[in-house]
């Protein structure tokens with residue numbers, strides 16, 4: 001069995017490499033998604049601290065700011 005793996009050019013290690021590449025890609029995707037959720041959540045919380053003038057400057061009402069701030073972090 002070892003001889004056949006060597007003869008095939010270490011196909012077992014290429015499978016492991018492929019799995020590792022996919023695992024790292026998945027890990028990166030998860031971390032990116034978590035960072036997006038964290039930024040979205042922080043931005044929504046900041047809306048609650050804006051003054052009426054700030055809200056007027058960005059073109060939204062207090063009720064719109066509150067509705068946005070109360071959305072779950074995963075909702076766009």
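The values are calculated or read from the model by the stated rules, or taken from the named source; none is laboratory data. Computed from a prediction, not measured in an experiment: that's the story for all the values here. Positions of Cβ are backbone-derived with ideal geometry, glycine not excepted, and every protein chain shown enters the neighbour counts.
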Original post:
Within the set of pairs 6 or more residues apart or between chains, which connect a residue that is farther than 28 Å from residue 74 by Cβ inside the stretch 11-34 to a residue that is surrounded by 10 or more Cβ atoms within 10 Å (Cβ to Cβ) with Cβ atoms less than 9 Å apart?
Top reply: 11/5; 12/5; 13/5
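Would a scan of the stretch 15-36 turn up a residue that is surrounded by 12 or more Cβ atoms within 10 Å (Cβ to Cβ), under 28 Å from the mean Cα position of the chain (by Cα) and at pLDDT 95 or above?
Going through the stretch 15-36, the residues surrounded by 12 or more Cβ atoms within 10 Å (Cβ to Cβ) turn out to be 36.
With the extra rule that they be under 28 Å from the mean Cα position of the chain (by Cα), the set shrinks to 36.
Then keep just the ones that are at pLDDT 95 or above; that gives 36.
Yes.
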